[in-house]
Each structure stands twice: as structure tokens, then as C-alpha cells.
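To start, the structure itself, in C-alpha cells.
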Amino acid sequence: MGFAGEWYAYRWLERHYGVDFTPECWVSRYREQVFPGTGDDGLGWDFEIPGRRGSWYYEVKTTLGEGGRIELGETQVIAAQENARNRRWRLIVITNVMNENRQIRMLPNPFDPASRSRYQFVGQGLRLEYRWS
């Protein structure tokens with residue numbers, strides 16, 4: 001499911017960005033199934049597209065159904081928080097990823113104060129490790 005979503009996002013970003021979008025923009029490990037080179041799942045995003053004023057970062061999330069709820073991993077949360085005010089980290093959500101009814105939706109950074117009202121943080125809390133010193 002994850003690869004299918006990233007491949008669909010790759011094709012969408014390719015059409016959206018044109019010549020500025022190259023296979024090197026796909027930075028997650030799923031890229032290794034299609035292109036040479038090593039990907040990295042620890043960056044906090046799946047696609048990095050260079051721009052004149054800095055890179056754009058896209059994290060892809062997929063659902064088998066209509067969606068409405070996604071989960072961010074630790075590196076994704078950190079990347080989103082670090083880019084909360086510059087609006088350069090975004091979510092690409094692909095619903096119904098495995099059938100012809102799939103849709104792609106671009107969502108803003110959930111940590112951006114301007115878009116926070118679009119989200120509700122749900123779940124069991126945040127797990128932390130700590131040291132006494």
C-alpha cells in the first residue's frame with residue numbers, strides 16, 4: 001500500500017513540477033524499487049523538491065478507504081514541527097489507493113498555526129524518553 005501511494009504521488013508531483021522534478025526528488029526507500037540509489041526513511045518526508053528559496057518536503061500517507069485519519073511517525077513529526085512556519089512541509093494523502101476511485105489531496109502542515117484548526121490530534125498521547133541528568 002505504501003509503495004503504491006508513493007508511486008502515485010511521484011507521478012502526480014512529476015506532472016505538477018515538470019522539469020524541476022527528477023527521480024532524485026524521491027528520497028524514501030520505496031524509490032529503490034524503481035530507481036537506482038539508496039533511499040532514506042529517516043528524513044521525515046518522502047519527496048524533496050529543490051526550489052529557489054529552499055526545498056519543498058512532501059510526506060505521503062495512503063488509505064484503503066475514504067480516509068480521514070493518518071498517523072505521523074517520529075521523524076515526520078520533527079520535520080513538520082521544524083517547518084511549521086515556513087509552510088514547506090506538506091502532506092499528500094491518497095485515499096482508496098488500491099482502486100480506481102483513488103484521490104490525491106494536498107494537506108497543509110498540521111503544526112502550522114494557520115492550519116492547525118483543520119486537524120484534531122487523536123490517540124493515546126506522546127511517548128517520551130528522558131534522562132535524570
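For ARG31, the stated conditions do not hold, so it cannot be described as at pLDDT 95 or above, of a type outside the set (Phe, Trp, Tyr), loosely packed, with under 14 Cβ neighbours inside 10 Å and not in a loop (DSSP other than H, G, I, E, B). A count restricted to segment 6-15 and to residues that are touching a strand residue (DSSP E or B) at 6+ places or on another chain (Cβ under 9 Å) and farther than 20 Å from GLY37 by Cα stands at 1.
Per this entry, GLY18 is not counted among residues that are under 29 Å from PHE121 (Cβ atoms) and either under 15 Å from the mean Cα position of the chain (by Cα) or in a helix (DSSP H, G or I) (or both). You will find that of ALA79, ALA84, the residue that is more than 21 Å from TRP7 (Cα to Cα) and touching a Gly at 6+ places or on another chain (Cβ under 8 Å) is ALA79 and no other.
Reported count of residues in segment 22-59, each being hydrophobic (A, V, I, L, M, F, W, C) and closer than 13 Å to ALA80 by Cα, is 3.
In segment 39-95, which residues are in a loop (DSSP other than H, G, I, E, B) and β-branched (Val, Ile, Thr)? Once the filter is applied, which keeps residues that are in a loop (DSSP other than H, G, I, E, B) and β-branched (Val, Ile, Thr), segment 39-95 yields THR63, ILE70.
The values are calculated or read from the model by the stated rules, or taken from the named source; none is laboratory data. The structure presented is a predicted model; accordingly, all values stated were derived computationally and were not measured. Methodologically, a virtual Cβ is constructed for each residue, glycine included, from the backbone with ideal geometry; neighbour enumeration extends over all protein chains shown.
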